[in-house]
Amino acid sequence: MGKKFKTMDGNQAAAYVSYAFTDVAAIYPITPSSPMAEDVDVMAAKGVKNIFGQKVRLVELQSEGGAAGTVHGSLQAGALTTTYTASQGFLLMIPNLYKIAGEMLPGVFHVSARALATSTLSIFGDHQDVMAARQTGCAMFAESSVQEVMDLSAVAHLAAIKGRIPFINFFDGFRTSHEIQKIELIDYADLEKLLDADAVEKFRRNALNPDHPVMRGTATNPDVYFQIRETVNNNYEQLPDLVEEIMADVAKITGREHHIFDYSGVSDAERVIIAIGSGCQTANEAAAYLNAQGEKVGVVSVHLYRPFSVKHFLNAIPKTVKKIAVLDRTKESGAPGEPLYLDVKSAFYDSDVKPVIIGGRYGIGGKDTTPDQLLAVFEELKKDSPRNGFTIGINDDVSNKSLETTHLDVDLTPEGTTACKFWGLGSDGTVGANKSAIKIIGDNTNLYAQAYFAYDSKKSGGITMSHLRFGEKPITSPYLITKPDFVSCSQKSYVHHYNLIAGMKRGGTFLLNTDWNDEKLGKKLKPAMKKYIIANDIQVYTVNAVKIAGDLGLGGRFNMVMQAAFFKLAAIIPIDDAVGSKGQNIVDMNCAAVDAGIEALHKVDISTWDVEDTSMNQKSQQIDPPAFISDIQNVMNRQEGDNLAVSKFVGLADGTFPVGGTAYEKRGTAIKVPAWDKEKCIGCNQCSFVCPHAAIRPILTTNDELKNAPEGFESIPSKISRGAYNLTIAVSTYDCLGCGNCAQVCPKQALSMVKFDDKAKSRQKIFDFGLKVAQKANPTKKTTVIGSQFEKPLFEFSGACAGCGETPYAKLLTQLFGDRMMIANATGCSSIWGASAPAMPYTKNIFGHGPAWGNSLFEDNAEYGLGMFLGVKAVRETLASDVQKALELNISDELKDALKNWLDNRDVSENTRERADKLTEILAAQMNDDVLLNKIYNNRDFFVKRSQWIFGGDGWAYDIGYG
Ligand code: SF4
Ligand code: SF4
């Protein structure tokens, strides 16, 4: 039978294989594992049959703990049961893992391994989650590429059934789970042949069954518990050989041989790297490069990590080895070394070969692991005393553990591979277009294809970067593209912020979606970028995709036009094949858009450019930003955070981030922004009320203040202030996301959406002036729609999706209660738009007061919030008893009144700030050196009654502080 190739990601590969062996899937979704369960669900809905001729029964539980309990019960009932999970969700399953392993049940846990939330949360890949389960008695089995997930996931199921040990089958979150590769499929018919039907039969017959009842999960005493625990040793000792056998059987089908420890490199290697997961592929590339230069190095990729077979491990290592570096993608603070390193050390303890062994950490929290990092490890191993406990991929200038990279210019992707990078905005369709592009290339040509999508932390308004490679040789480069042949950018504003063509190869192609002509483009680009283009003979093309899509009635779906332009320029595949004349699987592109995109593709004449001319480079102004903004936030926002040294984060070690960062971002990503027509405005403030980003606000000014207003600042008499002030509806054009909510809600059509053009800067100045004029006392009640908007939002310019329906409520709460608010936030949308590093939208007022925000775990916000509530209550009760005692002191009537007033009204929200300020002021003047009064004064930031809230992950908010 011919080979069957398909373009898919690691999650799809795991779902496809697991489906074959699964009766029941009990799941709870968590990033980045959720697509596995979704795929299984889709397959079941389509009526796909597993190898037992049945559809998988998938059930979603209320939590990961619930999913694990269901897996346990289903296994005990005799159904082959599977789940899919990651991160802290997987950790919630640990109690059940002990039970399932203890009862020798063949469950399989597919894990797209992910970082754990510690001082900060990370959804990206590393091995902290799976390494936390290595003591449970489950076997641990790893893959390092999408093809390996296809080839080896079946081993986990087959060995679990035959070996009577549950398997944790894992691969790197995002890097493997979401990397799209053209891979070879295994037929279910072939998988079925590998199944040990007798073992399945035994498992089913051993299930709990009233026809032959037994008891499981009993309680035992010290007399027998220990002995029972020791009965399973043989199963674990035999498992590595069993897994080897099954791997050999699978290899007969696939033609790709694997072992529980895969060695690659020269047979007489002297320096060897040992690792688990996708980093092994990068290490293989680095080793091949060095061996081609006559060096003697090798790599051991660990597949079966638990049980750890010392015999197989030592057999995999060349006897010539002198030095070994063990790479762990996890961090175990306080341990003498990370887990794999310690296992390797102990494996050599009784060996005749005694190499020098060092350990290091890499790729934590999804840090990209590139060949130069691996070359640095091989380099370190050359030293007489190589450093133990090192790190790679970061610059650790605090504990000085990081290895320096020396081979930054090395490009190890296979020769003939084309590398393309696409800059997009979260909601602009670039990622979707590239997903379809890579499938078109993979499924319609003989080329191998790989795609990986990197996102920043914003919601749909953030940067996306699509990394596509294709070529005639298999692509084994699980890291981002740093040396592209082709770069496309869908957002013209990015030229002001990012070095879009960094590292581009000589003669490469740069495509920009813009309405600028050649001359204007020349004035917009930074001198460094223009110089790079000229020096490296970069071919520059523009296409006005937004206009073409608009003219064709496609609205914001201009990505189709960009995709057509890419296929035309990349010339990988005849344009007609790419755009739809072939096959069902080709994206449903609008042919007119395609034709127009190709037609409008314009080659820029760069000969007219003045390289030093920056007259139209519109990077928005940032006046004297705080050190955090200039040294950290701006660097991260330029997509250069990887270059930040550890010392920059010492102040953030406990996870504390300063508030108010979004005000400095000024991203300028809207295509259209609202323009105000003062003649029509009735000053209802509804526009401001609904804005998800606090980017449109009513500004009150005095006539005096107007004298200093910038050009174009218009106003009308403010009716609500009875003419005392002037009213201006001002737009922060660089913070607006162009959702149009304000214009839609305006009852008088006083707002129209206009193009974000060169006038945006002067409009921004109007808004900035508005923020600078003195804050006026609210001319009406803040508890009305109109009045609430005269209060400063203490939540502004969030990275929520354009038009978000959640953030206007969060913003409103901060306008009503923000200066004394505490928020216990669940994990979900509200924690992402509320607290994605580096820029925080929660902010403070001119007095420095604003919401204090914390997040514990996914959905423990109620309990976390209760803890906050009880903590504050306890401190304030102590304070109240101190104030009670202070009333007995010989103090002035004025101080006594202030203390009593505070004591009597300490839980009353209204005017709490005024009472607190007054007491603070009197205490400061009169406490002298009285110990008790000083103690009370030192707790003055507990005088104000807190407004305590729990926020749900999906934006709901609940007041637990009684106002
Ligand atoms: Fe706010 Fe949307 Fe209006 Fe922009 S268009 S000011 S983001 S409501
Ligand atoms: Fe003026 Fe319209 Fe805004 Fe009301 S919604 S304040 S009428 S611009």
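The values are calculated or read from the model by the stated rules, or taken from the named source; none is laboratory data. Just so it is clear, the model here is predicted, and its values are computed rather than measured. Using ideal geometry, Cβ is built from the backbone for each residue, glycine included, and neighbour counts are taken over all protein chains shown. Note: areas computed on protein heavy atoms with side chains; ligands, DNA, RNA excluded. Shrake-Rupley method; radii C 1.70, N 1.55, O 1.52, S 1.80 Å.
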Any chance segment 129-136 includes a residue that's closer than 30 Å to residue 468 by Cβ, under 28 Å from the mean Cα position of the chain (by Cα) and crowded, with 24+ Cβ neighbours inside 10 Å?
yes
Filter segment 237-265 down to the residues that are surrounded by 18 or more Cβ atoms within 10 Å (Cβ to Cβ) and in a loop (DSSP other than H, G, I, E, B) and list them by number.
258, 259, 260
Can you tell me which of 749, 789 is within 14 Å of ligand 2 (Cβ to nearest atom) and more than 30 Å from residue 831 (Cα to Cα)?
749
So residue 328, is it open to solvent by less than 20 Å² (accessible area, probe 1.4 Å) and among the acidic types (Asp, Glu):
yes
Determine whether segment 292-301 contains at least one residue that is crowded, with 23+ Cβ neighbours inside 10 Å, of a type in the set (A, V, I, L, M, F, W, C) and out of contact with any helix residue (DSSP H, G or I) (no Cβ under 6 Å at 6 or more places or on another chain).
no
Please specify each residue of segment 666-687 satisfying the condition of being assigned to a loop (DSSP other than H, G, I, E, B) and either away from ligand 2 (no atom under 16 Å from the Cβ) or aromatic (Phe, Trp, Tyr) (or both).
666, 667, 668, 669, 670, 671
Of all residues in segment 143-201, count the ones that are over 27 Å from the mean Cα position of the chain (by Cα) and farther than 26 Å from residue 130 by Cα.
18
Among the residues of segment 483-493, how many are crowded, with 20+ Cβ neighbours inside 10 Å and either part of a loop (DSSP other than H, G, I, E, B) or polar (S, T, N, Q) (or both)?
6
Answer residue from segment 648-687, given it is open to solvent by 40 Å² or more (accessible area, probe 1.4 Å) and among the hydroxyl-bearing types (Ser, Thr, Tyr) and is nearest to ligand 1 (Cβ to nearest atom) among those:
664
Selection status of residue 515, in a loop (DSSP other than H, G, I, E, B) and farther than 27 Å from residue 591 by Cα:
no
Against the definition (over 19 Å from residue 141 (Cβ atoms) and more than 31 Å from the chain's Cα centre (by Cα)), how does residue 66 come out, yes or no?
no
List the number of the failed condition for residue 727; all other conditions in (1) within 11 Å of ligand 1 (Cβ to nearest atom); (2) more than 27 Å from residue 840 (Cα to Cα); (3) part of a strand (DSSP E or B) hold.
(1)
Between 723, 740, which is at positive phi, open to solvent by less than 60 Å² (accessible area, probe 1.4 Å) and within 14 Å of ligand 2 (Cβ to nearest atom)?
740
How about segment 665-696: which of its residues are under 26 Å from the mean Cα position of the chain (by Cα) and modelled with pLDDT of 95 or more?
691, 692, 693, 694, 695
Within segment 536-608, considering only helices (runs of 4 or more DSSP H) that don't extend past its boundaries, which have at least 2 residues that are surrounded by 15 or more Cβ atoms within 10 Å (Cβ to Cβ), modelled with pLDDT of 80 or more and not acidic (Asp, Glu)?
545-551, 559-570, 591-600
Filter segment 688-713 for residues that are open to solvent by 40 Å² or more (accessible area, probe 1.4 Å) and farther than 17 Å from residue 761 by Cβ; which is nearest to ligand 2 (Cβ to nearest atom)?
689
For residue 524, indicate whether it is open to solvent by 20 Å² or more (accessible area, probe 1.4 Å) and charged (D, E, K, R).
no
Applying the selection to segment 849-875, what residues are surrounded by 17 or more Cβ atoms within 10 Å (Cβ to Cβ) and assigned to a helix (DSSP H, G or I)?
861, 864, 865, 868, 869
Exactly one of 803, 787 is surrounded by fewer than 21 Cβ atoms within 10 Å (Cβ to Cβ), farther than 13 Å from residue 735 by Cβ and modelled with pLDDT under 95, and that residue is 803
Could you check, for segment 340-363, whether at least one of its residues is under 27 Å from the mean Cα position of the chain (by Cα), surrounded by fewer than 19 Cβ atoms within 10 Å (Cβ to Cβ) and either not polar (S, T, N, Q) or not in a loop (DSSP other than H, G, I, E, B) (or both)?
no
Looking at 480, 425, can you tell me which residue is open to solvent by 30 Å² or more (accessible area, probe 1.4 Å) and in contact (Cβ under 8 Å) with a residue 60 or more places away in the chain?
480
Could you name every one of the strands (runs of 3 or more DSSP E) located completely within segment 1-114 that has at least 3 residues being closer than 27 Å to residue 190 by Cα and either in contact (Cβ under 8 Å) with a residue 12 or more places away in the chain or out of contact with any His (no Cβ under 7 Å at 6 or more places or on another chain) (or both)?
5-9, 24-27, 81-85, 108-113
Of the listed residues (91, 121), the one being under 18 Å from residue 305 (Cβ atoms), under 22 Å from the mean Cα position of the chain (by Cα) and open to solvent by 40 Å² or more (accessible area, probe 1.4 Å) is 91
Where in segment 139-235 are the helices (runs of 4 or more DSSP H), entirely inside, with at least 1 residues that are at negative phi and surrounded by 24 or more Cβ atoms within 10 Å (Cβ to Cβ)?
146-163
Look at segment 886-919 and say how many of its residues are among the β-branched types (Val, Ile, Thr) and surrounded by fewer than 18 Cβ atoms within 10 Å (Cβ to Cβ).
1
Residue within segment 789-801 that is in contact with a strand residue (DSSP E or B) (Cβ under 7 Å, 6 or more places away or on another chain), within 16 Å of ligand 1 (Cβ to nearest atom) and among the hydroxyl-bearing types (Ser, Thr, Tyr) present:
no
Can you find, within segment 758-783, the residue that is nearest to ligand 1 (Cβ to nearest atom) among those that are open to solvent by less than 50 Å² (accessible area, probe 1.4 Å) and assigned to a loop (DSSP other than H, G, I, E, B)?
773
